[in-house]
Amino acid sequence: MMGLSPGFCLKLFKASAVMGSGLATPRFNAITYRAASTPKVLETIRPVFGSDDANSLFKVVQGQSTNTVEVPPALVLPEIDGKYTPISKLELSELGKELVKKDPNLMSMLKDEWSYDALEIELLLNPASADKTAQGKAYLRIKYDMSSIPSPPLPHFFYGVIDYVSKKKIEPGDVANVFFDPKNNRGTAPQLDDFGLVWGWDKTGIKTSAPGFGTGSTWKFCGTCSDLGAKVDCELGVSPSSNEPHEIFEFRVPFNMVKQNDIISSYATVGNYVKDYWFSYPQNGRYKIPDTWGYLSFSTNPIPGLIRPFDIAALSVLTTLSTLALFKRYSKKGKYLL
């Protein structure tokens with residue numbers, strides 16, 4: 001993958017004013033609970049688009065940049081190739097192997113690298129976009145892998161995909177950006193610990209990528225993403241959100257670079273730097289102002305461990321049996337619950 005030219009970086013990031021405190025709304029109403037982190041953020045579980053399988057779920061976050069979003073641990077380790085890869089071609093994480101060993105039924109629910117164990121955030125049109133009439137649908141899905149085995153050291157990553165569902169064809173200038181503040185020291189300018197990734201297609205339509213580093217006052221983009229141990233890719237492909245080919249941006253970053261504090265700050269956006277429109281989370285954020293980024297923490301509870309269809313079914317059966325038992329007991333005394 002080619003590196004970005006200085007001119008491309010300058011033009012791209014002069015246009016990249018994005019994201020802050022907008023609501024990310026779930027696409028389906030479903031079971032709702034609150035994350036354990038403080039401050040709390042509303043999260044839900046929704047079905048995967050286009051799936052008739054009741055076991056196919058996405059965890060959806062709904063909150064503002066002042067909320068802390070909990071990133072779940074990965075059960076499936078993604079292949080970063082810009083496409084949704086079937087489970088048959090993927091490896092399970094250490095946690096995934098442990099859970100599948102305990103419950104073999106879980107394996108039948110793992111369809112691909114993002115459909116079951118990742119948290120989903122909707123990216124919304126940033127009001128700083130020059131094209132304020134731009135319409136589209138894009139979703140960020142994130143998770144992380146952290147093995148409990150201290151030695152030998154294993155590669156651990158923060159994983160993500162931006163599923164740009166409405167973008168059916170590649171146009172010059174289509175790019176994705178993700179930025180991280182690992183120490184969560186925020187600020188009005190990128191600090192020395194802050195870093196980011198940008199990848200996509202430049203104004204000539206050539207696929208390209210580059211990492212960015214905070215200088216204390218701005219961003220410096222140089223080198224290649226692989227210099228950080230990161231990997232990015234983007235392609236046209238189908239996903240659980242749409243069976244029509246659309247742009248998909250995948251990335252992974254070494255986990256020890258992302259997490260240097262219990263809570264970190266992060267920002268993500270996708271759009272077109274030539275036409276200057278962006279879909280982002282948080283919605284009103286700015287890539288040069290970490291104070292406007294969202295908060296992330298890292299949950300030790302996998303999404304299947306929180307709510308799974310067979311858990312709900314079992315609970316329903318137990319509830320019914322308990323109700324019938326009570327009805328039988330009270331009916332003998334001339335009292336009725338139903």
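Points worth noting:
- In the range 239-253, the qualifying residues are those that are touching a Phe, Trp or Tyr at 6+ places or on another chain (Cβ under 9 Å) and at pLDDT 95 or above, and the one that is surrounded by the fewest Cβ atoms within 10 Å (Cβ to Cβ) is His246.
- Within the range 223-243, the set of residues being touching a strand residue (DSSP E or B) at 6+ places or on another chain (Cβ under 7 Å) and in a strand (DSSP E or B) comprises Lys231, Val232, Asp233, Cys234, Glu235, Leu236, Gly237, Val238, Ser239.
- Of all residues in the range 135-152 being surrounded by 18 or more Cβ atoms within 10 Å (Cβ to Cβ) and within 24 Å of Asn301 (Cα to Cα), the one that is modelled with the lowest pLDDT: Met146
- Residues of the range 207-222 that are modelled with pLDDT of 95 or more and not in a strand (DSSP E or B): Thr215, Gly216, Ser217, Thr218.
- Apart from one condition, Pro290 fits all of (1) within 18 Å of the chain's Cα centre (by Cα); (2) surrounded by 14 or more Cβ atoms within 10 Å (Cβ to Cβ); (3) modelled with pLDDT of 85 or more; (4) within 30 Å of Asp193 (Cβ to Cβ); the exception is (1).
- If you go through the range 98-129 and keep only what is of a type in the set (A, V, I, L, M) and touching a Phe, Trp or Tyr at 6+ places or on another chain (Cβ under 7 Å), you end up with Met109, Leu110, Ile121, Leu123, Leu124, Leu125.
- Qualifying residue in the range 84-92 (condition: buried (at least 17 other Cβ atoms within 10 Å of the Cβ), in contact (Cβ under 8 Å) with a residue 60 or more places away in the chain and in contact with a Phe, Trp or Tyr (Cβ under 8 Å, 6 or more places away or on another chain)): yes
- Any hit, the range 191-206, residues being within 26 Å of Glu70 (Cα to Cα), without any contact (Cβ under 8 Å) to a residue 24 or more places away in the chain and in a strand (DSSP E or B): no
- Residue satisfying all of: in the range 100-128; outside any strand (DSSP E or B), aliphatic (A, V, I, L, M) and in contact with a helix residue (DSSP H, G or I) (Cβ under 9 Å, 6 or more places away or on another chain); surrounded by the fewest Cβ atoms within 10 Å (Cβ to Cβ) among these: Met107
- Scanning the range 226-279 for residues that are free of Cβ contacts under 8 Å to residues at least 40 places away in the same chain and hydrophobic (A, V, I, L, M, F, W, C) returns Leu228, Ala230.
- Condition check for Asp112 on (1) closer than 21 Å to Ser242 by Cα; (2) out of contact with any strand residue (DSSP E or B) (no Cβ under 6 Å at 6 or more places or on another chain); (3) in contact (Cβ under 8 Å) with a residue 40 or more places away in the chain: one failure, at (2).
- Scanning the range 209-242 for residues that are within 22 Å of the chain's Cα centre (by Cα) and more than 15 Å from Phe179 (Cα to Cα) turns up Ser226, Gly229, Asp233, Cys234, Glu235, Leu236, Gly237, Val238, Ser239, Pro240, Ser241, Ser242.
- Any hit, the range 313-336, residues being under 17 Å from the mean Cα position of the chain (by Cα) and modelled with pLDDT under 95: no
- Any hit, the range 270-278, residues being touching an Asp or Glu at 6+ places or on another chain (Cβ under 9 Å) and assigned to a helix (DSSP H, G or I): no
- Checking Gly160 against (1) small (Gly, Ala, Ser); (2) closer than 15 Å to Ile142 by Cβ; (3) more than 20 Å from the chain's Cα centre (by Cα), the condition it does not meet: (3)
The values are calculated or read from the model by the stated rules, or taken from the named source; none is laboratory data. What you see is a predicted model; the values in this text were computed from it and never measured. We place every Cβ from the backbone using ideal geometry, glycine too, and count neighbours over all the protein chains shown.
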